[in-house]
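Notes follow the structure.
The values are calculated or read from the model by the stated rules, or taken from the named source; none is laboratory data. Only a predicted model underlies this, so the values are computations on that prediction, with no experimental measurement involved. Backbone-built Cβ (ideal geometry, glycine too); neighbour counts: all protein chains shown.
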């Protein structure tokens, strides 16, 4: 009974507020003369500006790969660990290698993604080191691909590529398969 009384009181109060806000003074309520038509309200659509997302200042494991990849991995309960980014005998201090996995279970199942800025002389040294260890080079429209020998790969994509580096102009990407490189969106 109290709820019904309270609801009725609130409803009456809201009705009174609406009626008061809609009514004006006696002069405003008088009927307009035929010579003075009432103005028609106009609605102007004001676009809402949305700020573009600001890129992260530094690459991070959850920003170098696509947002969809991060969501898919985290939805599976996976997290990442950052590792030093080393290519052959070249350590990339500004780079980052990310190992995504479910660390709550003992497993060797995971995914690797890496990105770094790289100086031309370091890129040449890293490529020479990898090729000296039996990795294979392919030139592509995006840059130079250096892929591990599939005979020794622990896992390959549907095209037979295992771990792969993509060297571009001033940067290098890394994934545990060549197809995995497309998930790395960091542009530096």
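Would the stretch 51-60 turn up any residue that is at pLDDT 90 or above and either surrounded by 11 or more Cβ atoms within 10 Å (Cβ to Cβ) or in contact with a strand residue (DSSP E or B) (Cβ under 6 Å, 6 or more places away or on another chain) (or both)? Yes; the residues of the stretch 51-60 include at least one that is at pLDDT 90 or above and either surrounded by 11 or more Cβ atoms within 10 Å (Cβ to Cβ) or in contact with a strand residue (DSSP E or B) (Cβ under 6 Å, 6 or more places away or on another chain) (or both). Remark: residue 85 falls outside the filter, which requires a residue to be over 23 Å from residue 170 (Cα atoms) and assigned to a strand (DSSP E or B). Hey, can you tell me all the residues within the stretch 88-114 that are assigned to a loop (DSSP other than H, G, I, E, B) and within 18 Å of residue 184 (Cα to Cα)? The answer is 110, and nothing else. All but one of (1) surrounded by fewer than 17 Cβ atoms within 10 Å (Cβ to Cβ); (2) touching a strand residue (DSSP E or B) at 6+ places or on another chain (Cβ under 7 Å) hold for residue 139; which doesn't? Result: residue 139 passes all but (2).
Can you tell me which of 134, 160 is touching a helix residue (DSSP H, G or I) at 6+ places or on another chain (Cβ under 7 Å) and either within 22 Å of residue 66 (Cα to Cα) or not in a strand (DSSP E or B) (or both)? Unique residue meeting the criteria: 160.
Residue check, residue 113 against (1) more than 29 Å from residue 70 (Cα to Cα); (2) touching a residue at least 40 places away in the same chain (Cβ under 8 Å); (3) touching a helix residue (DSSP H, G or I) at 6+ places or on another chain (Cβ under 8 Å), all met but one. Which one? Checking residue 113 against (1) more than 29 Å from residue 70 (Cα to Cα); (2) touching a residue at least 40 places away in the same chain (Cβ under 8 Å); (3) touching a helix residue (DSSP H, G or I) at 6+ places or on another chain (Cβ under 8 Å), the one that fails is (1).
Residue 162 passes every criterion in (1) surrounded by fewer than 20 Cβ atoms within 10 Å (Cβ to Cβ); (2) at pLDDT below 95 apart from (1).
Can you name every residue in the stretch 73-92 that is on the phi < 0 side of the Ramachandran plot and out of contact with any strand residue (DSSP E or B) (no Cβ under 8 Å at 6 or more places or on another chain)? Selection gives 74, 75, 76, 89, 90.
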